[in-house]
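The values are calculated or read from the model by the stated rules, or taken from the named source; none is laboratory data. Values in this document were obtained by computation on a predicted structure and should not be read as measured data. As a convention, Cβ positions derive from the backbone with ideal geometry for all residues, glycine included, and neighbour counts pool all protein chains shown. What goes into the accessible areas is simple: the full protein's heavy atoms, side chains included, and nothing from ligands, DNA or RNA. Shrake-Rupley method; radii C 1.70, N 1.55, O 1.52, S 1.80 Å.
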Amino acid sequence: MSIVNLVAENDIRGYYDLLKLCEQEHPDLLDYATRQTVFCREVIWSYWHASSDKPKKEPDHD
């Protein structure tokens, strides 16, 4: 679930972005991310799809 959490917490929108984040801040996950490409891409796609389906919050006018 570490990859899933990274994607959500950092608003990752592409596999490249995930790899760069792992390289720079989470080197312990880099090997996993490069070996589990399909899983990572599906997590990113699912996150992107779920976040794009959410209605945009209206700004407060108070």
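In the chain, with Lys and Arg counted as +1 and Asp and Glu as -1 at Cβ, which of these residues, Trp45, Leu29, Ile3, has the Cα nearest the positive end of the dipole, that is, farthest along it? Result: Trp45, furthest along the dipole toward the positive end. On a per residue basis, the chain carries 79 Å² of accessible surface, using protein heavy atoms and a 1.4 Å probe. Surface composition of the chain: carbon and sulfur atoms hold 52% of the protein heavy-atom accessible area at a 1.4 Å probe.
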